[in-house]
Amino acid sequence: MAKPKIGIFDFACCEGCQLQIVNMEEDLLNLLALVDPVEWREAMSDQSDHYDIAIVEGSITRDEDAERLRKVRESADYVIALGACATIGGVNKLQNNFAIEDVQVMVYGDAANMPHLASTPAQAIHEVVKVDYMVHGCPIDAHELTHVVRCLLAGKQPVMPDYPVCVECKMKENGCRYEYGEVCLGPVTRAGCDARCPSNGFWCFGCRGYVDDPNLEAAASVMEQYGKTLDDLKSKMALFGSAQEHKL
Amino acid sequence: MNIKRVTEKEFAAWVDALTPKHTLYAPQAKEDRFAFDRLTAGEDLRLDYDVSILPPKKYFLPQKEVLIKFDRKGNFESVIAHEPFVLFGVHPYDFVAMDQLNTIFEQDNYDVHYMARKEAATVVVSDVQVASADVFAGCMGNATVEDRDGYDVLLTRLDDGSYVVETRSEKGEVLTGLLSSAVDADEVTLQQREQVWNRTREQLQKHKLEMTPEQIPALLDKSYDHPLWAEKAELCHSCGSCNLVCPTCYCFTVEDELNWDMETGQRYRQWDGCMLTGFATVTGNHNFRDKKEARYRHRYYRKGKYVWDMIGEIACVGCGRCISACTTNIANPVEVFNQLSEEQQ
Ligand code: SF4
Ligand code: SF4
Ligand code: SF4
Ligand code: SF4
Ligand code: SF4
């Protein structure tokens, strides 16, 4: 049987998530033993008109990107959104806090009106096309991606956590950042990273996006009690929480 | 079995002698908190810990453990760990919780994975030297465990820094045998130990339960529709922190994982918690506790009534961990039980 064809496509992003794949070393060889990469700009130049699995990185910020993404969707059996830019819009959605004309001037200055620089408010992949699986995080954890790919190849539904980072944080037996007088977004952020940041003495800044039903009001209501303000919380939420379905 | 009085110096020498001979897990500093971890140098032992972030149950029921290895043809093999180890310095309330889990994992479906670890363990209980901020074991009857069985050695530190070391079992003798030069505890020593216990029972009441623990089940019988559940749950993140740090919580979820060969794999279990949104989701995506107030209430019933109905024990030992762990401060069992009780009058 021919190996399943896999394509990796990138849109507006830093390509840091793809880099995580390139850096998998031994597991990259394991992955390549199972699938046949037919489109991967960062590593090779082949192309195909059908993909068993399309892995899409980055946000959609231009009309022509939306068009290209629709074509990818049409030619793929499964679409996996890779990394925060793709799954939630990530840092690209910071621009959605401003008028797009102002953003263009801020970024491109005098050239702001050049047609090829026209951009739209940032969108996550699922806001443009149907997405089958999401691998969250900025950057992703490559093991999660390979787990999802193995599940797909085995015909098994991968389980994406719908519980907060606190679960993994507690399992790692970390002291809570709140007890150290810091605001942590762990209680409202989707787990799956093994509480990477709190396990290294840093608060969670929410890169995996909110859980399905985040209690943002609860997070806000305790700020005073920890000697913090609502703005302290909001400024933490801006990085990955801008222009999300749930907001304070 | 014997009871020894051991000077501070003798005690340190004893621990130093134990570490190369046994696999010891003991409380140690983790930044400015404490956690049980492998003890390799006696000087790292912190029996003055107030509370460990996670209870020592993690050595009987690890956060994540492989249960079986399988292949897709249907062959499988159970993975059962039974290397002997010593849990050194368990606080009395945590021992009570472990004893409760032992009962539960032993009855009905005998859990081979859990029980193998339990059988392999030697448990050294250490009386609390420093009370944590939220502990209320004194209200739950679990501040000291001199009247209970099931552990192997009991350590009590006296005011002059010396330890009373009581051997409770043959397993315990293997450890305390190395202490043979220490003197037997005399009457005065035993009285001093009584005094420490009395003081500890007083001190471990940072929150005051305004009832006896045995009254909780009846209180809950009358409280199912109380407005408190919904009011408190407003601030709940469904984060499960209160479950995960609890020494009597034992829920887990089971998943299968395939290896790269796509043929072999392992089934593992991992801690779960009844406060998590998807905990009660079953086939067909039905969630029979989809409201956070229902989950919030469930936890208190689980602590104060369901386990009582099952084995006659309250499933809250008063460690206070959930109180500290909840970032929105709604997880305090004492506060909830007291409020329910007041509003019944
Ligand atoms: S999610 Fe982060 S690491 Fe990945 S592409 Fe976007 S900005 Fe880069
Ligand atoms: S540090 Fe953050 S993620 Fe960890 S338990 Fe505290 S709030 Fe949750
Ligand atoms: S702890 Fe938070 S910010 Fe850090 S990797 Fe996990 S989800 Fe992202
Ligand atoms: S309910 Fe809270 S106080 Fe009671 S045993 Fe569990 S963590 Fe400790
Ligand atoms: S009660 Fe507190 S610790 Fe427990 S799930 Fe709710 S917010 Fe988390």
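Could you tell me how many of the residues in the stretch B:54-84 are at the interface with chain A (Cβ under 10 Å from one of its Cβ atoms), open to solvent by less than 50 Å² (accessible area, probe 1.4 Å) and more than 16 Å from ligand 5 (Cβ to nearest atom)?
Counting residues in the stretch B:54-84 that are at the interface with chain A (Cβ under 10 Å from one of its Cβ atoms), open to solvent by less than 50 Å² (accessible area, probe 1.4 Å) and more than 16 Å from ligand 5 (Cβ to nearest atom) gives 3.
Residues that are of a type in the set (Phe, Trp, Tyr), assigned by TED's automatic domain parsing to the domain that holds residue A:32 and without any contact (Cβ under 8 Å) to a residue 24 or more places away in the chain: does the stretch A:99-112 have at least one?
yes
Run down A:179, A:168, A:245 and say which single residue is modelled with pLDDT of 95 or more and either within 25 Å of residue A:139 (Cβ to Cβ) or away from ligand 3 (no atom under 14 Å from the Cβ) (or both).
A:168
Return yes when residue B:91 is crowded, with 16+ Cβ neighbours inside 10 Å, closer than 29 Å to residue B:307 by Cβ and more than 16 Å from the chain's Cα centre (by Cα) and no when it is not.
Against the criterion (crowded, with 16+ Cβ neighbours inside 10 Å, closer than 29 Å to residue B:307 by Cβ and more than 16 Å from the chain's Cα centre (by Cα)), residue B:91 does not qualify.
Please enumerate the residues belonging to the stretch B:281-322 that are surrounded by fewer than 19 Cβ atoms within 10 Å (Cβ to Cβ) and aliphatic (A, V, I, L, M).
Hits for the stretch B:281-322 are B:282, B:294, B:310, B:311.
So if I check each of A:248, A:216, which one is outside the structural domain of residue A:82 (by TED's automatic domain parsing) and surrounded by fewer than 19 Cβ atoms within 10 Å (Cβ to Cβ)?
A:248
Anything in the stretch A:147-168 that is within 8 Å of another protein chain (Cβ to nearest Cβ) and not in a loop (DSSP other than H, G, I, E, B)? List them, or say none.
The answer is A:147, A:150, A:151, A:153, A:164, A:166, A:167.
Checking residue B:209 against (1) open to solvent by less than 70 Å² (accessible area, probe 1.4 Å); (2) within 13 Å of chain A (Cβ to nearest Cβ): exactly one of these is not met. Which one?
Just one mismatch for residue B:209, condition (2).
Cβ-Cβ under 6 Å, sequence separation 6+ or interchain: first residue in the stretch A:1-25 and closer than 17 Å to residue A:78 by Cβ, partner aromatic (Phe, Trp, Tyr) and away from ligand 2 (no atom under 16 Å from the Cβ). Which pairs?
Note: pairs meeting the criteria are A:5/A:51; A:7/A:51; A:8/A:40.
Residue-wise test of (1) in contact with a strand residue (DSSP E or B) (Cβ under 9 Å, 6 or more places away or on another chain); (2) closer than 25 Å to residue B:232 by Cβ; (3) away from ligand 3 (no atom under 15 Å from the Cβ).
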site	(1), (2), (3)
A:187	yes, yes, no
A:190	yes, yes, no
A:195	no, no, no
A:202	no, no, no
A:209	yes, no, no
A:217	no, yes, yes
A:221	no, yes, yes
A:236	no, no, no
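Restricting to the stretch A:199-223, name every residue that is more than 16 Å from ligand 5 (Cβ to nearest atom), within 12 Å of another protein chain (Cβ to nearest Cβ) and of a type in the set (D, E, K, R).
Correct list: empty.
Tell me which residues, restricted to the stretch B:27-53, are surrounded by fewer than 22 Cβ atoms within 10 Å (Cβ to Cβ) and touching a helix residue (DSSP H, G or I) at 6+ places or on another chain (Cβ under 7 Å).
Correct list: B:28, B:40, B:41, B:42.
Considering only helices (runs of 4 or more DSSP H) fully contained in the stretch B:182-259, which possess at least 1 residues that are in contact (Cβ under 8 Å) with a residue 60 or more places away in the chain and farther than 30 Å from residue B:11 by Cβ?
So the answer is B:216-221, B:228-233, B:241-244.
Need pairs with beta-carbon distance below 6 Å; first residue under 7 Å from residue B:52 (Cα atoms) and within the stretch B:29-40, second aromatic (Phe, Trp, Tyr); sequence gap 6+ or separate chains.
Taking only residues 6 or more apart or on different chains, the pairs are B:34/B:49; B:36/B:25.
Hey, any hits in the stretch B:24-43 for a residue that's β-branched (Val, Ile, Thr), touching a strand residue (DSSP E or B) at 6+ places or on another chain (Cβ under 9 Å) and assigned to a strand (DSSP E or B)?
no
Hey, can you tell me all the residues within the stretch B:219-250 that are touching a helix residue (DSSP H, G or I) at 6+ places or on another chain (Cβ under 9 Å) and either surrounded by fewer than 14 Cβ atoms within 10 Å (Cβ to Cβ) or farther than 28 Å from residue A:185 by Cα (or both)?
Matches in the stretch B:219-250: B:219, B:220, B:221, B:222, B:223, B:224, B:226, B:231.
Test residue A:168 against the stated conditions and say whether it is more than 15 Å from ligand 1 (Cβ to nearest atom), open to solvent by 40 Å² or more (accessible area, probe 1.4 Å) and on the phi < 0 side of the Ramachandran plot.
In short, no.
Can you work out which of the residues in the stretch B:333-345 that are open to solvent by less than 10 Å² (accessible area, probe 1.4 Å) and over 25 Å from residue B:102 (Cβ atoms) is nearest to ligand 4 (Cβ to nearest atom)?
Only one residue fits best here, namely B:334.
Given (1) farther than 26 Å from residue B:313 by Cβ; (2) within 14 Å of chain A (Cβ to nearest Cβ), identify the lone condition not met by residue B:189.
Failing condition for residue B:189: (2).
Are there any helices (runs of 4 or more DSSP H) wholly within the stretch B:281-345 with 3 or more residues that are at negative phi and within 16 Å of ligand 5 (Cβ to nearest atom), and if so which?
Where helices (runs of 4 or more DSSP H) fall fully within the stretch B:281-345 and carry at least 3 residues being at negative phi and within 16 Å of ligand 5 (Cβ to nearest atom), they are B:292-301, B:321-325, B:333-342.
Within the stretch A:172-189, is there a residue that is open to solvent by less than 40 Å² (accessible area, probe 1.4 Å), at the interface with chain B (Cβ under 8 Å from one of its Cβ atoms), farther than 24 Å from residue B:291 by Cβ and of a type in the set (A, V, I, L, M)?
No, every residue in the stretch A:172-189 fails to be open to solvent by less than 40 Å² (accessible area, probe 1.4 Å), at the interface with chain B (Cβ under 8 Å from one of its Cβ atoms), farther than 24 Å from residue B:291 by Cβ and of a type in the set (A, V, I, L, M).
The values are calculated or read from the model by the stated rules, or taken from the named source; none is laboratory data. What you are looking at is a predicted structure, and each value in this text was computed from that prediction instead of being measured. Reconstructed Cβ throughout: ideal geometry from the backbone, glycine too, with neighbour counts over all protein chains shown. Surface accessibility is based on the protein's heavy atoms, side chains included, excluding ligands, DNA and RNA. Shrake-Rupley method; radii C 1.70, N 1.55, O 1.52, S 1.80 Å.
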